[in-house]
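Contents: one structure, followed by commentary.
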Amino acid sequence: KKIIYWLPSYRSPKVENPDLGIDKWIDKVKLITDEFNVIIRPHPDRLFASKGLLKKINNNNFFIDLDVTRNLAEIYKSVDFIFCEISGPFYSAIYNKSKILILDHENRKESHSKMDEILKEFIKYYKIDTKKIVDNKDLIKEYLNDQNYWNNQKIQTEKLHDILYEFPEENKIKDIFNV
């Protein structure tokens, strides 16, 4: 089986549900576990703060990565797909040129406006169309099995990687954060 590594973002305890990313997607992702091994790595702050979260993950037959010292760069290079939100894991996956599906939700963290400007032309190559998932329980599986989707994403990942990481004199990250 191919391996999916799911890195849901942490939501501050100040929000109503810090695990909204998992709660919104767990039932949909569970539908692909017959064909894919799904490893969830909740944010380390959530691993020890919520026994209910670990129970929920275990009860849904996902593998869970509890090793907070594990080298994520090695994981990005060794798994077949990364599931994440537009947060740190997304940028790490771009850096490592991974295959990415963004599992977004209404409580996502805001990005820097200049970063949003860069991402707006690329995001459609990574993000699941949440409007379609309501009517199609197999949508995630369709994305995972669509080679054309992945071929297009690879081209866009190369472009985005170059914009974010490859050209120091033109590096957009430096411009955004005035480094």
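Just so it is clear, none of the values below were taken in a lab; they were calculated from the coordinates. What you see is a predicted model, and the numbers here were worked out from it, not measured in a lab. Backbone-built Cβ (ideal geometry, glycine too); neighbour counts: all protein chains shown.
Relative contact order of the range 1-155, please, whole-number percent, based on alpha carbon pairs below 8 angstrom and at least 6 residues apart. Could you put the intermediate results ahead of the total?
Details: 191 pairs, mean separation 37.0, N = 155.
Taking the mean separation of contacting Cα pairs over the length of the range 1-155, I get 24 percent.
Taking Cβ atoms as reference points and 15 Å as the exclusive limit, the residues near K55 contribute a net charge of +2, counting Lys and Arg as +1 and Asp and Glu as -1.
Computed extension length for D162-D27: 45.1 nm, one decimal, from 0.36 nm per residue of separation with the Cα-Cα distance subtracted.
Take each of the peptides 28-34, 129-135, average the number of other beta-carbon atoms within 10 Å over its residues, and list them starting from the highest.
By packing density, highest mean first, the sequence is 28-34, 129-135.
If a paramagnetic tag sat 7 Å from the Cα of N61 along the Cα-Cβ line, which residues of the range 28-50 would have the backbone N under 15 Å from that point? It comes to 28-39, nothing else. Shape class for the range 114-163: oblate, because the ratio a/c of the largest to smallest gyration tensor axis (alpha-carbon atoms, square roots of eigenvalues) is 1.5 or more and b/c is at least a/b. Note on N37 and I155: their simple-model spin labels are 3.3 nm apart, each label 7 Å out from Cα toward Cβ.
In nm, give the distance between the simple-model label positions of K124 and N136, each being 7 Å from the Cα along the Cα-to-Cβ direction. Taking the simple label geometry, K124 and N136 are separated by 1.5 nm. Find out how many positive minus negative residues lie around D67, taking Lys and Arg as positive, Asp and Glu as negative, among other residues whose Cβ is under 14 Å from that of D67. Residues near D67 contribute 0 overall.
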